[in-house]
Ligand code: ARG
């Protein structure tokens, strides 16, 4: 039975008289003879990983102590002493470093509490009244995760901006559009870029949605079964900038679903980035785009090489994120209510990927923003592989031929039209006159009439031209420059909305932190 399993009444007296004797012993005032040593000590400790939530724990301690004082659970002068001790601990960690000040302990919560009691004496033990490390740690993780998610959201906003700017600049730059990595239909660089911005916008909405559930406070749930003390959970939640509380105390300490959905959202985001990185690797390999040297590397032996290493690393981060999500799901599934120590290993899965994903967002955005598109090579390749074939079939269908029959006419001609492309050393689409001849044979074979009897010849020439082909696909969300420009305008408005939401959230957290500081300053 751990100390956190103690009844709520006991929770407030961890540093009572009997504990003050223990204070003189090496085992520390909080753990007594548990966690005193032995082979499992290091294995059980989360102190090193908890560095990430050190600031969060200080904030949670402060909010909790302020609430205890206001609810008259702890005397004001005692609260003042505890709050002063917390300031002192923060300053000491600033000066000497986390490891030097909190060198020993089962976790950061215990280490800070021990350090408070060292400074205040047994009265410092009142800090842990009406709470448990179970609600404490869950609150700390949420408090810290909010910042990290906001960092990612800000990074994604910049990348979306870079994508939209480049998309605007390249709304007319032709690019081969692939399916199965084979030339399929001509598109533009702008259309390709805007497609990834649209995906990132959804990734952002998943993160913003997850944020609403991260931003609820478990504090005051105590070990899992509430407390006899008259705590004000809404006050601590407000002091910490949470939107509300996780109502059910048992749920509040047990759940890490907010981690799971954040990891899921990060996994989806990194999968988007991974696809974008892979496309750029392919495009640079085919000479369509030249990556800035900042985003390329070279070979240690082959001096001529310029490798897209940064993008390959972005691609790989998706594996880490998917791994973290899977690891979390496995750790969490089948856990009994309420607190189990397995939960200690949940947070680090997210900490380990969230920074990597934020960096991957920056790197992918930077690579796109600085990439140099080779418009000529792109245009030449855009018409290759008879990529205008679908447009020709569409034209036949618009002229009254059933689409399936039109498809057959073009399919019969396809191989021969593509075969004509080799004639032109600069690559690109087949010569239109030659293509029309081949299509004519196919039309006779399938329809029993000349292709120019079936369709208007100038319309056919347009359909065979990659530039016209793109311009003609102006359906909503299509690649025609006009359609892309329209999409960019609405994407910009959506981006602005997301930015406003992110900035407002950041501001509200900052505001809460300032209010917490100012309330603390009234006591110390
Ligand atoms: N270090 C622990 C964690 O991260 C804190 C909670 C400990 N609670 C307990 N009942 N042992 O989960």
message = modelled with pLDDT under 95 and over 30 Å from residue 279 (Cβ atoms): which single residue out of 352, 387, 399, 333 fits that description?
response = 399
Members of region 328-348 that are buried (at least 23 other Cβ atoms within 10 Å of the Cβ), within 15 Å of residue 263 (Cβ to Cβ) and within 13 Å of the ligand (Cβ to nearest atom) = 347
task = Among the residues of region 117-151, count how many are under 15 Å from residue 211 (Cα atoms), buried (at least 24 other Cβ atoms within 10 Å of the Cβ) and away from the ligand (no atom under 16 Å from the Cβ).
result = 1
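If I filter region 171-183 for residues that are out of contact with any strand residue (DSSP E or B) (no Cβ under 8 Å at 6 or more places or on another chain), surrounded by 18 or more Cβ atoms within 10 Å (Cβ to Cβ) and under 30 Å from residue 377 (Cα atoms), do I get at least one hit?
No, every residue in region 171-183 fails to be out of contact with any strand residue (DSSP E or B) (no Cβ under 8 Å at 6 or more places or on another chain), surrounded by 18 or more Cβ atoms within 10 Å (Cβ to Cβ) and under 30 Å from residue 377 (Cα atoms).
Among the residues of region 88-113, write down those that are over 18 Å from residue 132 (Cα atoms) and not in a helix (DSSP H, G or I).
Selection gives 97, 102, 103, 104.
Listed here are the residues, each with its yes/no results for (1) surrounded by fewer than 20 Cβ atoms within 10 Å (Cβ to Cβ); (2) within 16 Å of the ligand (Cβ to nearest atom); (3) at pLDDT 50 or above; (4) assigned to a loop (DSSP other than H, G, I, E, B).
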{"position": "33", "(1), (2), (3), (4)": "yes, yes, yes, yes"}
{"position": "51", "(1), (2), (3), (4)": "yes, yes, yes, no"}
{"position": "60", "(1), (2), (3), (4)": "no, yes, yes, no"}
{"position": "86", "(1), (2), (3), (4)": "no, no, yes, no"}
remark   = Among helices (runs of 4 or more DSSP H) entirely inside region 191-288, those with 1 or more residues being at negative phi, surrounded by 21 or more Cβ atoms within 10 Å (Cβ to Cβ) and in contact with a strand residue (DSSP E or B) (Cβ under 7 Å, 6 or more places away or on another chain) are 233-239, 257-285
remark   = Per the filter on region 426-480, residues buried (at least 22 other Cβ atoms within 10 Å of the Cβ), in contact with a strand residue (DSSP E or B) (Cβ under 7 Å, 6 or more places away or on another chain) and in a helix (DSSP H, G or I) are 466, 469, 470
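The values are calculated or read from the model by the stated rules, or taken from the named source; none is laboratory data. Every value quoted in this text rests on a predicted model; they were computed, and no experiment measured them. Because the Cβ atoms are built from the backbone with ideal geometry, glycine has one as well, and the counts that use them run over all protein chains shown.
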